[in-house]
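Accompanying notes for the structure given below.
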Amino acid sequence: MGLANCPECGKLYMENPSKLCPECYRIEEENEDKVAKYLRGNRGASITEIHEATGVDEKIILKMIKKGRITG
């Protein structure tokens, strides 16, 4: 494994399977946790509703769906 620049923040980090620096990975995990907790009590919520309730950016929510981390 070598060095890479984080696609989210641009910081240099040791390459890893997440392809993010440790800080951005931690933030991604926190955002996924917020969204998952919200969806447990609000099934069928729209992306806009999720964004408004959690503060997680709509683009990030869409990325989570595309990655299969959450289901709509």
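The values are calculated or read from the model by the stated rules, or taken from the named source; none is laboratory data. Please read these numbers as outputs of a predicted model, since none were measured by experiment. Using ideal geometry, Cβ is built from the backbone for each residue, glycine included, and neighbour counts are taken over all protein chains shown. Surface areas here come from the heavy atoms of the whole protein model, side chains and all, with no ligands, DNA or RNA. Shrake-Rupley method; radii C 1.70, N 1.55, O 1.52, S 1.80 Å.
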Are there any pairs, at least 6 apart or on different chains, whose C-beta atoms fall under 8 Å, with the first in the stretch 1-20 and under 19 Å from residue 63 (Cα atoms) and the second among the basic types (Lys, Arg), and if so, which? 7/19
Quick one: how many residues across the stretch 1-44 are out of contact with any Pro (no Cβ under 8 Å at 6 or more places or on another chain) and over 21 Å from residue 55 (Cβ atoms)? 17
Tell me which of these residue 39 doesn't satisfy, since it passes every other one: (1) in a helix (DSSP H, G or I); (2) open to solvent by 50 Å² or more (accessible area, probe 1.4 Å); (3) modelled with pLDDT under 95. (2)
For residues in the stretch 42-57 being acidic (Asp, Glu) and more than 16 Å from residue 69 (Cα to Cα), which is most open to solvent (accessible area, probe 1.4 Å)? 52
Odd one out for residue 63, checked against (1) open to solvent by 70 Å² or more (accessible area, probe 1.4 Å); (2) in contact with a Gly (Cβ under 9 Å, 6 or more places away or on another chain): (2)
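When the stretch 1-36 is examined, which residues are found to be part of a helix (DSSP H, G or I), touching a helix residue (DSSP H, G or I) at 6+ places or on another chain (Cβ under 7 Å) and open to solvent by 90 Å² or more (accessible area, probe 1.4 Å)?
34
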